[in-house]
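The values are calculated or read from the model by the stated rules, or taken from the named source; none is laboratory data. Nothing here was measured: the structure is a model prediction, and the numbers come from that model. As a convention, Cβ positions derive from the backbone with ideal geometry for all residues, glycine included, and neighbour counts pool all protein chains shown. In case anyone asks, the SASA skips ligands and DNA or RNA and just uses the protein heavy atoms, side chains included. Shrake-Rupley method; radii C 1.70, N 1.55, O 1.52, S 1.80 Å.
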Amino acid sequence: MQSRVKFGSFLRGIGLGSAALFAASAVAQEPSGQTVITAARYVDVLTGKTVEYPAIFVGPDGRITNIADARVIKWGSDVKHIDLGDKTLVPGLIDMHVHLDGPADIGGYRGLEFTDSFWGMTAVKNARDMLDAGFTTVRNVGAGDRNDIGLKQAIDAGYAVGPRIVPAGYALGATGGHCDSTFLPPSMEKENAKEEGIGDTPDELRYQVRRQRKYGAEVIKVCATGGVFSRNTEPGQLQVPESELRAIADEAHQWGLRVAAHAHGGAGIRAAIAAGIDTIEHASLVDDEGIRMAVARKQPVWFAMDIFNTEYTQAEGAKNGVLEDNLRKDREIAQIQRDNFRKAHRAGVRMVFASDAGVMPHSQVGGQFRVMVEYGMTPLQAIQAATKNAAEALGREKDVGAIAVGRYADLVAVEGDPLTDVRQLESVDAVVKGGVLVKGE
């Protein structure tokens, strides 16, 4: 499929006669050394419209150089052709909250069965699973041993296959908080030593921002509240006060980095918004004031709400070793989070796609589109959350998030029309990253 040129049969299939063929031959030929990708149509997420018969030209750097009408454009035999037939194209999808080094089927104390380097090895498969699911860019918000940074480097250098990764390195947090190690007794820890990323004053947390950036982080993650899958924390607990969150945000912004705050509870969400945090992760227990603040803040703030994974964790968690206390917290907030997703979206809060892959299998994250539509979004809005909106939240509007000249040729092909049936994105037919067909050959 990758190299076969089917332009003549394509024209005949859409009913063009000899006059149209002549018109096509009269058009100036596209430059050589490029790739052209054709399909029946694509979704322009910037306008919300569907464009028929695209011919998407890609330069050697993997970026789109031109989008033409395949019925009237001509290219030479030295232009590589990827023919996706009667498929519908959408931009490569973006997941704003993943943990690539977190196998979903290993929970609780079962993690102690494996050596330290095991987790980085699993990240390679998880990254490939996400790419095959259509997610060509992911933001990895916290990884042990900087596995996300190492994997990004390996993918960029051609040693592994996976999506574009925006890595955070170690997540920041408070001693005893959600991002600290809370499962082990003190005898298992170094005496008087804090875990990587942990700080308890503004200065300590500023240092941690600088440290993560020093070793390759491209986004900073902080745990502002307790969480579901940590021990001895509750999701609603504020654990990092506004003054410390502000120090993190100010320091990160000074270095040109954006900040994601894990924040389930209302107090933590409000503190993170007031502190200038860029994205609020989970936002499960957001209250009316938090929604009002998110809508009103001049500097954009985005909610990244993972409203699908509970279906997996409740069905498989106990078998995987997840502790009952963690499953209890998961049950308690699941429906509240979904209802608040609907409320926040209806109020006009900016939203991005976020799955928390690692809590659930990375190959299944496309299932969240269905739930986003069930809880108030149109299919187009759900797709925009994983494309246009996510690119804006990353500050990567010139690179990803749309099928547009100048952006990377990251594309996903599906059989039907995702604007009428968003479940088409649960199992995609082909994936192109940077103009290279990586699934669907």
Next item on the list: State whether one or more residues within region 228-242 are assigned by the TED database to the domain that holds ASP339, of a type in the set (Ser, Thr, Tyr) and either open to solvent by 10 Å² or more (accessible area, probe 1.4 Å) or under 22 Å from LYS343 (Cα atoms) (or both).
Entry: no
Next item on the list: Please identify the pairs in which a residue from region 332-350 that is at pLDDT 95 or above and of a type outside the set (Phe, Trp, Tyr) has its Cβ atom under 7 Å from the Cβ atom of a residue that is surrounded by fewer than 18 Cβ atoms within 10 Å (Cβ to Cβ) and in a loop (DSSP other than H, G, I, E, B), counting only partners at least 6 apart or on another chain.
Entry: ARG342/GLY376; HIS345/GLY376; ARG346/GLY376; ARG350/PRO300
Notebook entry, point to check: Among the strands (runs of 3 or more DSSP E) contained in region 27-146, which hold 3 or more residues that are modelled with pLDDT of 95 or more, on the phi < 0 side of the Ramachandran plot and buried (at least 16 other Cβ atoms within 10 Å of the Cβ)?
Noted result: 35-38, 41-44, 54-58, 64-69, 80-83, 88-91, 93-98, 135-140
Note to self: Given the condition in the same structural domain as GLY358 (by the TED database), aliphatic (A, V, I, L, M), assigned to a helix (DSSP H, G or I) and under 29 Å from GLY216 (Cα atoms), answer yes or no: does some residue in region 251-268 qualify?
What the structure shows: yes
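Results for (1) within 24 Å of the chain's Cα centre (by Cα); (2) polar (S, T, N, Q); (3) within 23 Å of VAL365 (Cα to Cα), shown as yes or no for each residue.
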site: THR279; (1), (2), (3): yes, yes, yes
site: GLY290; (1), (2), (3): yes, no, no
site: GLU311; (1), (2), (3): yes, no, yes
site: GLY317; (1), (2), (3): yes, no, yes
site: LYS329; (1), (2), (3): no, no, yes
site: LYS343; (1), (2), (3): yes, no, yes
Next item on the list: Name the one entry in ALA409, ALA430, ALA385 that is without any contact (Cβ under 8 Å) to a residue 60 or more places away in the chain and in contact with a strand residue (DSSP E or B) (Cβ under 6 Å, 6 or more places away or on another chain).
Entry: ALA385
Next item on the list: Have a look at SER284, SER355 and point out the one that is surrounded by 21 or more Cβ atoms within 10 Å (Cβ to Cβ), farther than 22 Å from ASP129 by Cβ and of a type in the set (Ser, Thr, Tyr).
Entry: SER284
Note to self: Being within 14 Å of the chain's Cα centre (by Cα), among the hydrophobic types (A, V, I, L, M, F, W, C) and either more than 14 Å from ASP44 (Cβ to Cβ) or in a loop (DSSP other than H, G, I, E, B) (or both) is the requirement here; does VAL400 meet it?
What the structure shows: yes
Checklist line | Restricting region 168-189 to residues that are open to solvent by less than 40 Å² (accessible area, probe 1.4 Å) and among the hydrophobic types (A, V, I, L, M, F, W, C), the residue that is farthest from GLY144 (Cα to Cα) | finding: ALA174
Notebook entry, point to check: Inside region 358-376, can you point out the residues that are out of contact with any Asp or Glu (no Cβ under 9 Å at 6 or more places or on another chain) and either crowded, with 24+ Cβ neighbours inside 10 Å or closer than 23 Å to ILE273 by Cα (or both)?
Noted result: MET372
Next item on the list: Those residues that are farther than 13 Å from ALA357 by Cα and either touching a strand residue (DSSP E or B) at 6+ places or on another chain (Cβ under 9 Å) or among the hydroxyl-bearing types (Ser, Thr, Tyr) (or both), I need them from region 101-121; list them, please.
Entry: TYR109, THR115, SER117
Next item on the list: Name the one entry in ASP200, ASP180 that is acidic (Asp, Glu) and at pLDDT 95 or above.
Entry: ASP200
Next item on the list: Please tell me if ASN192 is surrounded by fewer than 16 Cβ atoms within 10 Å (Cβ to Cβ), modelled with pLDDT under 95, closer than 27 Å to SER284 by Cα and over 26 Å from the mean Cα position of the chain (by Cα).
Entry: no
Note to self: Restricting to region 180-236, and then to whatever is in a loop (DSSP other than H, G, I, E, B) and without any contact (Cβ under 8 Å) to a residue 12 or more places away in the chain, can you tell me which residue is farthest from LEU112 (Cα to Cα)?
What the structure shows: ASN192
